[in-house]
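K.L.:
First the structure, which I've put down as structure tokens, then a few questions once you've had a look.
The values are calculated or read from the model by the stated rules, or taken from the named source; none is laboratory data. All values derive from a computational prediction rather than experimental measurement. Here the Cβ positions follow ideal geometry from the backbone for every residue, glycine too, while neighbour counts run over all protein chains shown. When the accessible area is computed, the model is the full protein with side chains, heavy atoms only, and any ligands, DNA or RNA have been set aside. Shrake-Rupley method; radii C 1.70, N 1.55, O 1.52, S 1.80 Å.
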Amino acid sequence: SERTRRTMRHRAKFLSVQIGLGFFGYILRQQFDWPASAVGLTETIFLVIFGLNALWLIFASLRTGYFGGATGNLRVIASIIIFGCLFAECLGYSSLARFVFSGTLLSVIVISLWLIAKTMVDDVMGALENPEHRWHQNLRKYLHIETDDALTVTPWVSLLSNFTLLCIAAVALLRVWGLSEQSLAWLEIKFFDGFQIGKAQIVPLKILFGLVVFFVLLSIAKGLSRRTSRGKMLSRKLDASAIETFAKVTTYLGFIAAAIIGLSVAGFNFQNLAILAGALSVGIGFGLQNIVNNFVSGIILLFERPVR
């Protein structure tokens, strides 16, 4: 509503001006020697005014209806946090009050940026699956993506993107609430160098990069298969069934190549394939005969083409 927009605009302007005055006061404090009592009183007044206006802005934001039924609970939580910080500031627990207050505001900023980025990713993925606007169609045309390809690839890309954004937001929140440099360095070491589980060395960065390589190569293989099946060069020399065979084989080979390269990039030890092959053989012997027979028969039909 117009009233809510006007309230949010005024509160945001007031907070922006107050932040500017706060930085100006901080510079003056560094340049001149002010009495400690005067500085403490000024900071307390600044925090009280800033907290009340921030709470006012939060209440105005909750009136937009975006949060649905959680509005009442969010109001209670925001009121408890801000009034608790102001009460602690007035009692003399300045460090605690400012730590909780600044951490809460920065957490709100981090979560808001994460929601914005997540919404953008979901919008782009939705545009690839179901184009509703002109820029959706232009994006699909630019990336050479059709409906079938989008339905198979975009869910995985969306999952990987959202997981990456979630990890970044989690690290940012930990930094906001006092994650030490030593702990951050430990997380970086574990992410880039990996950790040991039994005899296996797990490196999250390699696994993430391997997934990206796999999906990129798989998309390239599908695009190549689609372009080959629709190309004019093969249609002049081969009949429709032969072109279909060539396209299917290209898709299978592309999937195998993408899987092998992705596993190699992820650091998979191919010596373990012997164990997997043994387990697969046992599975085929017990209950997968029909599936394997049908798959092999389908491959034979693709090459032999006795059925028209």
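K.L.:
Using a simple spin-label model with points 7 Å from Cα along the Cα→Cβ vector, what separation in nm is obtained for LEU179 and LEU96?
P.N.:
Output for this residue pair reads 2.6 nm.
K.L.:
Taking the full set of protein chains and a 1.4 angstrom probe, give the accessible area of MET120 in square angstrom, rounded to the nearest 10.
P.N.:
So the heavy atoms of MET120 present about 120 Å² to solvent.
K.L.:
Between GLU244 and LEU74, what is 0.36 nm times their sequence separation minus the Cα-Cα distance? Round to one decimal in nm.
P.N.:
55.4 nm
K.L.:
At 1.4 Å probe size, put PHE163, PHE215, PHE59 in order of accessible surface, largest to smallest.
P.N.:
Highest to lowest solvent-accessible surface, that is PHE163, PHE59, PHE215.
K.L.:
How large is ³J(HN,Hα), in whole Hz, for each residue of the stretch 29-36 in order, when computed from phi with the Karplus curve 6.51 cos²θ - 1.76 cosθ + 1.60 and θ = phi - 60°, using x for Gly and Pro?
P.N.:
Per residue, the Karplus-derived 3J(HN,Hα) values read 5, 6, 8, 10, 9, 9, x, 4 Hz.
K.L.:
Another question, then. Quick one: with all protein chains in place, what share of the accessible area of the stretch 1-73 is carbon or sulfur, to the nearest percent (1.4 Å probe)?
P.N.:
For the stretch 1-73, the apolar C and S fraction of the accessible surface comes to 68 percent.
K.L.:
Still on this structure, I have one more. At a probe size of 1.4 Å, how large is the accessible area of SER37, to the nearest 10 Å²?
P.N.:
Around 100 Å² of this residue is reachable by solvent.
K.L.:
For ARG63 and GLN201, compute 0.36 nm times the residue count separating them, minus their Cα-Cα distance, and round to one decimal in nm.
P.N.:
Gain on extension, ARG63 to GLN201, equals 44.6 nm.
K.L.:
For a quick check of understanding: with a 1.4 angstrom probe and all protein chains in place, what accessible area in square angstrom does ILE77 have, to the nearest ten?
P.N.:
90 Å²
K.L.:
Given R₀ = 22 Å, FRET efficiency for LEU21-LEU41 by Cβ-Cβ distance, to 0.05?
P.N.:
0.90
K.L.:
What whole-number value in Å² describes the accessible area per residue of the stretch 15-81 for a 1.4 Å probe? Numbers along the way, then the final one.
P.N.:
Working: 4550 Å² over 67 residues.
For the stretch 15-81, the solvent-accessible area averages 68 Å² per residue.
K.L.:
Going by accessible area, probe 1.4 Å, with all protein chains left in place, what is the ranking of GLU181, GLU244, GLU89, GLU43, largest first?
P.N.:
Output order, biggest surface exposure first: GLU181, GLU244, GLU43, GLU89.
K.L.:
Moving on to the next point. Which value in nm describes the separation of the simple spin-label points at GLU2 and LEU52, placed 7 Å from the Cα toward the beta carbon?
P.N.:
It works out to 2.9 nm between the two label points.
K.L.:
In nm, give the distance between the simple-model label positions of PHE32 and LEU105, each being 7 Å from the Cα along the Cα-to-Cβ direction.
P.N.:
Placing both labels 7 Å beyond Cα along the Cβ direction yields 2.3 nm.
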